[in-house]
1. Report yes if LEU64 is part of a helix (DSSP H, G or I), at pLDDT below 95 and hydrophobic (A, V, I, L, M, F, W, C), otherwise no.
2. Can you tell which of LYS39, LYS30, LYS25, LYS11 is free of Cβ contacts under 8 Å to residues at least 24 places away in the same chain and over 33 Å from the mean Cα position of the chain (by Cα)?
Amino acid sequence: KTQSTISDLKKANEDEMEKVHQRVKQAIMKKEEVVAQLKQQYLAANKRADHLEGLLEQQRKQLLNKK
């Protein structure tokens, strides 16, 4: 009976550890998705900032040429 109880406890522990492992894997995958999205947003924002800086420089040159 004691051996059976020990086996049951080990099995329950293994099952719980597997559930924890799966939750950790899911959390890591979600984190990686969020990081990828943030990186994409960062690159898009940088591209837009570069474009707007170019437009400002172009306008500045046009204004200086008019004087």
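1. So LEU64 passes the test.
2. Going through LYS39, LYS30, LYS25, LYS11 in turn, the sole match is LYS11.
The values are calculated or read from the model by the stated rules, or taken from the named source; none is laboratory data. Note that this is a predicted model, so its numbers are computed, not measured. In this analysis, Cβ positions are derived from the backbone assuming ideal geometry, glycine residues included, and neighbour counts consider all displayed protein chains.
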